[in-house]
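The structure appears below as structure tokens.
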Amino acid sequence: MKLSNIIASTALFASSVLAADLDPIVIKAWLPGSKFFYKSNNTQFYLRGVAYQQEYSGSDDTPNSFKDPLADADACKRDVPYLQKLNANVIRVYAVDPTADHSACMNLLSNAGIYVIADLSSPGESIIRNDPQWTYPLFARYAAVIDDLSQYTNVIGFFAGNEVSNNPQTTDASAFVKAAVRDMKRYIKAKNYRPMGVGYATNDDASIRVAMANYFNCERADESIDFWGYNIYSWCGDSSFQKSGYDVRTNEFHDYSVPVFFAEYGCNAVEPRTFTEVDTLYGPQMNGVWSGGIVYMYFQEQNNYGLVNVNNGQVSPRADYSYLSKRLATATPTGVNKADYTPTNTALQSCPPVNTNWLATATPLPPAPNQQLCSCMVDSLTCVARDNLASKFLSTTFSSVCGYQDGKFCKGIDANATTGEYGAYSVCTPEEQLSFAMNLYYKNQVSQGNGEDACNFNGAASIQSASQSGGSTCTPLLRQAGTSGTGSVKASAAAAGASSSASSSQGAAYAVAPGMVDFGFLHLGAYVATAVVAGVGMIWL
């Protein structure tokens, strides 16, 4: 039968039935276990995956104008049969709209036996490598994605970040990603969802790859990743286990305590891609350590990594598609039976020390975002930032207030992953943080008899009547934070911002192509640093 006929009949069948719950993928043991299994039959699960999302090509002004691949039912009806023919059992999606209806696509995928691993970020909402923050609007975005996708049993889990740290100078950002991992794991548990994994997808930078893997799986299991994704493009053309460095990478993860897999692979330096690495990845040299991988990518774009061309709604498989389909058809390692598997590699890694090549201390991590804390703080202030300040005005005002007295008024909003010092209000929005710093400066000036014009900042601030609303709720939070905002606030991560809708806060580090692309503008960390330097004013068994 022609492929087109198979496609048509399969799509018709898939769209005409209700999706049965797909057998969940599990990791053995609440304590670390380094393999995936089908829940019902104890068979080990290997990812035969494909990255399924068109590249983001929008501007800084429209960072969330990406196309959600799970919200386009017509595209899913068109593409799922091709994914089946490819012998894929997993797709990776890089950004979804948690307010969209994903039921049609998720049902089609479930009927086809295809699982999903979803990134929690989006082009406009993620942890930015050059100015990392973990705030409650971002928490709300990540939580909203989990809320939406938790209803589907073919969701394996989520990536809390993708190549955020990509060289030694950006490794401090990993502390904020690991905090996101910690809080999303706690959120899933607190919401009593079916346990799903939260992991990270790293790049293959030789100077930090070992430290990255160790950092995200050290200190405490409940704050560490549940699986580790590796974006690797070292096998090009007719390479080998040794030439590609796969032998070294496999040895590095031999005793890693959680599942590891290739979150992206498929070098295109030699075309067409014949995917000779598939035989090795799923063969005896690697399948005892690695749980398969995800080929980059389904759609042919300018980056020239596509398996298919899509023109005017019609799919045309490329040569790469044919080669990969044949390779994946024989990628059927037996693995180990869950009932016979007793993990011996349960120990966490040793945390990397802070040095010139690693800038994130192991502990403490950034605090859990707490929207209520931020709201209580703003209500308690007398001098606050005016609404809707333009980003340029916001930047210059931060530079002024944080430049006074060696940054004294910004200690409560600063975040330093290298020293492990985090202000209680570092989890708030830039506008809320600016209000806190302004108010501290204003109170300082009032105490010195200079308060008449101290709450002005060239028109950026105004006086409000401080409110004590929130009473018994706000009082202990503000007391823990302290007058200067440098205290530690104990709060449940499940309530840390989950009630707020997904925010439209700007800035991201997001990519659906090998190598990271940054969008957005610099936020608070850059403001404070500039001012101070310048000296100016899954199921677990």
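Within the range 104-116, residues that are more than 16 Å from Ala71 (Cα to Cα) and modelled with pLDDT of 95 or more sit with their Cβ atoms under 7 Å from residues that are among the small types (Gly, Ala, Ser) and not in a loop (DSSP other than H, G, I, E, B), at 6+ positions apart or across chains, in these pairs: Asn111/Ala14; Ala112/Ala14.
Residues checked against (1) over 27 Å from the mean Cα position of the chain (by Cα); (2) open to solvent by 10 Å² or more (accessible area, probe 1.4 Å):
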residue	(1), (2)
Ala368	no, yes
Met377	yes, no
Asp387	yes, yes
Lys408	yes, yes
Asn416	no, yes
Thr419	no, yes
Gln433	no, no
Ala437	yes, no
Gln445	yes, yes
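Rundown of residues vs (1) open to solvent by less than 10 Å² (accessible area, probe 1.4 Å); (2) closer than 25 Å to Tyr94 by Cβ; (3) modelled with pLDDT of 95 or more, yes/no style:
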{"position": "Arg249", "(1), (2), (3)": "no, yes, yes"}
{"position": "Glu252", "(1), (2), (3)": "no, no, yes"}
{"position": "Phe262", "(1), (2), (3)": "yes, yes, yes"}
{"position": "Glu271", "(1), (2), (3)": "no, yes, yes"}
{"position": "Thr274", "(1), (2), (3)": "no, no, yes"}
{"position": "Ile294", "(1), (2), (3)": "yes, yes, yes"}
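Just to confirm my filter: which helices (runs of 4 or more DSSP H) fall fully inside the range 102-196 and include at least 2 residues that are in contact with a Pro (Cβ under 7 Å, 6 or more places away or on another chain) and of a type in the set (Phe, Trp, Tyr)? Hits in the range 102-196: 136-149. Pairing each residue of the range 412-426 that is under 12 Å from Pro132 (Cβ atoms) with any residue that is at pLDDT below 95 and open to solvent by 10 Å² or more (accessible area, probe 1.4 Å), provided the two are 6+ apart or on different chains, yields C-beta distances under 8 Å for Ala415/Gly525. Residues in the range 363-390 that are outside any loop (DSSP other than H, G, I, E, B) and under 26 Å from Ala143 (Cα atoms): Gln371, Gln372, Leu373, Cys374, Ser375, Cys376, Met377, Val378, Asp379.
Which of the residues spanning the range 173-199 are of a type outside the set (Lys, Arg) and open to solvent by 40 Å² or more (accessible area, probe 1.4 Å)? The answer is Ala190, Asn192, Tyr193, Pro195. When you check Ala20 against the structure, is it touching a helix residue (DSSP H, G or I) at 6+ places or on another chain (Cβ under 8 Å), part of a helix (DSSP H, G or I) and at pLDDT below 95, yes or no? Against the criterion (touching a helix residue (DSSP H, G or I) at 6+ places or on another chain (Cβ under 8 Å), part of a helix (DSSP H, G or I) and at pLDDT below 95), Ala20 does not qualify. Among the conditions (1) among the small types (Gly, Ala, Ser); (2) open to solvent by less than 10 Å² (accessible area, probe 1.4 Å); (3) outside any loop (DSSP other than H, G, I, E, B), Ala360 misses just one, which is (3). Scanning the range 346-374 for residues that are touching an Asp or Glu at 6+ places or on another chain (Cβ under 8 Å) and either more than 13 Å from Ser174 (Cα to Cα) or of a type in the set (Ser, Thr, Tyr) (or both) yields Ala347, Leu348, Thr363, Ala368, Pro369, Cys374.
The values are calculated or read from the model by the stated rules, or taken from the named source; none is laboratory data. Keep in mind the model is a prediction, meaning the values are calculated, not measured. Every residue, glycine among them, receives a Cβ derived from its backbone with ideal geometry; neighbour counts consider all protein chains shown. To get the accessible areas, we keep the full protein, side chains included, count just its heavy atoms, and leave off ligands, DNA and RNA. Shrake-Rupley method; radii C 1.70, N 1.55, O 1.52, S 1.80 Å.
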